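Below is one structure; the comments refer to it alone.
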Amino acid sequence: MAGKPTALIAGAGFAGLTAATALAQRGWKVTVFERQAELRASGAGIYIWENGLRILEALGLSDLSKNAYRGHAMEQRGHDNAILDDGGLPPQVRLVTLHRRDLLEGLKGAAERAGVEIRTGQEVIGAGAQGELLFANRRSVQGDLVIGADGVWSSIRKSLGLELSHQQTTEGAIRTIIEGDIEDLGQGGEDKYIECWSGMRRFLITPLAGRQIYLALTCQDTDEKGRAYPLDKATWRASFPAWAHLIDRIGDVLAWSPYSIVTVKSWSAGRAAILGDAAHAQPPNLGQGGGMAMQSALALAAHMEDLADPRDIPARLAAWEKNERPLAEHCQRWSCLYGEVSTLPDDVRARAVPSAMADPWVRSELLRAARSEPTGT
Ligand SMILES: Cc1cc2nc3c(=O)[nH]c(=O)nc-3n(C[C@H](O)[C@H](O)[C@H](O)COP(=O)(O)OP(=O)(O)OC[C@H]3O[C@@H](n4cnc5c(N)ncnc54)[C@H](O)[C@@H]3O)c2cc1C
C-alpha cells in the first residue's frame, strides 16, 4: 500500500477505543468520532474477567488490573441470605472489578499513546460499505475501513441494514457506588463478590479498590416500588434485610434501565464492520458484554495485520466474524439463560442453583469466554 491504511471509528466506548488502539499499534492511521462532548463512561463499576485482562495487557494496560480489586469467588445467596453456591473461581481465571471511569480513561490513554486521533462532539448517522462515514451535518469522510462501535442503538448497524432484532428485557438494573469496605460484607467476605436473590429482585455487591462498593439492584419493569427513582430504600431493605447497612448508605443512583439484546445478520458489509454492543449487546448477567466488545475489537485488528491491499478487507472481515462470532453469541445465550434464574420462585431457586452449579459442564459453559484465549493476545 502507498500510505498507511486508514480506519474511521464511530464511538469511543470500550469497543471503539480497543479497536482504535489495536489498529494503530499495527500501523493504521485511526480516527475515532465520538458523539459526546467529552469521553464519559455510563454506569458505575465493571467486572473484567481473564479474557478482558489479557486484552488490556496486549494493549499495554497491565497497570489497570494491578490497581483493581480482585475477587476469587462469585458467591450466590438465596432469599434468606443462605449461600447457594460459593462461586469459587479456578486460579487460572482472574476476575477484577474497576470503576468504569478508570477503564475508559485507561483505554483513552492507550489510544492517544498509539497515535489515535479522538474527535468529540461528532454525531455519526451512518456508514457505507465502501468505507464512508456519514455525519449528522451531512458531511462524510472516507477511509479504507469503517467501524461502528456506537453501542446498542447503533446508527451504523441500521444504516448498513445489518440489524435483525433489538430487544429490551423486562429485567433492568439500578446502579450506584457507595463508600464501604470488605468488612461490610461480613465474616468471610474477603476477596469475593456476592449476588443475592429474593423474589424477582437481585442485589449484587461488588467491592472496588479504594474503599468503594459498586451495587447493582435488579428487578422487573412491573416492580414499580423496586424501580422507583429516587430509590425506595425501604422496599429494598425489606427484600435484603441482611444488607440494610449498605442500602442505607446509598445516595444518588443511576435510574432503572433495561438491558438490550441485539442480533444481526452479519458483523460487516463490504469495508464496514460493527462490533461491541452494536453487534452483540447482551444482558450483563455474565459480566462479559464489555469483555466481548474488547475481544471482538482486538480480534478485528489482528485480522487486519500486514494488510497489503484494501480490497482484501471484506474477506478479512468475513474471516474475523467466522472466528469470533460463535463465542460472542455463546455469551449472549448463556447470559439470557442466567437471567431466567431471577424468575424462579425462591424455594425452587434454592434447589436449582446449587444443583446446576455442581455440574462441571454448567460451570465450564459459564466460564467459556473467561477461559478463552483472545485473538491478538
Ligand atoms: C447494568 C449493566 C452492567 C454491566 N456490567 C458489565 C460488566 O460487569 N462487565 C462487562 O464486561 N460488561 C458489562 N456490561 C456491558 C457493557 O457495559 C457493554 O457491553 C459495553 O459498554 C459495550 O461497549 P461498546 O463500546 O460496544 O458500547 P458503549 O459503551 O455503549 O459505547 C458506545 C460509544 O459510542 C458513542 N456513540 C453512540 N452513538 C453514537 C453516534 N451516533 N455517533 C458517535 N458516537 C456515538 C457513545 O457515546 C459511546 O461513547 C454491563 C451492562 C449493563 C447495562
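If I model a spin label as a point 7 Å beyond the Cα along the Cα-Cβ vector, how far apart are those points for Trp153 and Ala238 in nm?
3.4 nm
What translational diffusion coefficient, to the nearest whole µm²/s, does segment 66-113 have by Stokes-Einstein, given a Kirkwood radius computed over alpha-carbon pairs, a temperature of 25 °C and 0.890 mPa s viscosity? Working shown, then result.
Details: Rh = 13.2 Å.
In µm²/s, the coefficient rounds to 186.
Taking N as the number of residues in segment 32-163, what is its Cα Rg relative to 2.2 N^0.38 Å? Walk me through the intermediate numbers first.
On the way: Rg = 19.2 Å, N = 132, 2.2 N^0.38 = 14.1 Å.
Normalised Rg, Cα atoms only: 1.37.
Which of the trypsin sites (Lys or Arg not before Pro) across segment 257-322 are loop residues per DSSP, with 15 or fewer other Cβ within 10 Å?
Loop-located and lightly packed - Lys265.
Counting Lys +1, Arg +1, Asp -1, Glu -1, what net charge surrounds Glu75 among other residues with beta carbon under 10 Å of its beta carbon? Don't jump to the answer; show the numbers that get you there.
Working: positive: Arg77, Lys192; negative: Asp85, Asp86, Glu195.
Net local charge, Glu75 excluded: -1.
How big is segment 187-315 on each of its three principal axes, counting only the C-alpha atoms and giving the largest first in Å?
Principal-axis extents of the Cα atoms in segment 187-315, largest first: 62, 35, 23 Å.
How large are Rg and Dmax for segment 141-224 when calculated on the C-alpha trace, in angstrom?
Spelled out, the Cα radius of gyration and Dmax of segment 141-224 are 19.3, 59 Å.
Between Arg70 and Thr120, with labels modelled 7 Å along Cα→Cβ, what's the label distance in nm to one decimal, could you check?
3.3 nm
So how do 224-230, 289-295 stack up, highest first, on mean other-Cβ count within 10 Å?
Per-residue mean Cβ counts within 10 Å order the peptides as 289-295, 224-230.
Please report how far the C-alpha centroid of segment 183-214 lies from that of segment 13-50, rounded to the nearest whole angstrom.
28 Å
Rg(Cα) of the chain divided by 2.2 N^0.38 Å?
It is 0.99.
Spin-label point model (7 Å from Cα, Cβ direction): what's the Gln168 to Thr343 distance in nm?
Each label point is offset 7 Å from its Cα along the Cβ direction, giving 1.9 nm.
What does the convex hull of the Cα atoms of segment 28-101 come to per residue, in Å³, rounded to a whole number?
Values: hull volume 10.1 nm³, N = 74.
Considering the Cα atoms of segment 28-101, their hull volume per residue is 136 Å³.
Among DSSP beta bridges whose residues both lie in the chain, state the antiparallel percentage, nearest 5. It would help to have the intermediate numbers written out before the result.
Working: 47 of 67 bridges.
If we restrict to bridges inside the chain, about 70 percent are antiparallel.
For the chain, what is the mean residue ellipticity at 222 nm derived from helices alone (per DSSP H run of n ≥ 4: -39500 (n - 2.57); sum divided by total residues; nearest 500 deg cm²/dmol)?
For the chain, the value works out to -9500 deg cm²/dmol.
Across segment 230-275, how large is the tail of the calculated P(r) beyond 11 Å, expressed as a percent of all Cα pairs?
Tail of P(r) above 11 Å: 76 percent of Cα pairs.
Rule-based calculations on the coordinates, nothing more; no lab input. Keep in mind it's a predicted model, so treat the numbers as computed, not measured. Positions of Cβ are backbone-derived with ideal geometry, glycine not excepted, and every protein chain shown enters the neighbour counts.
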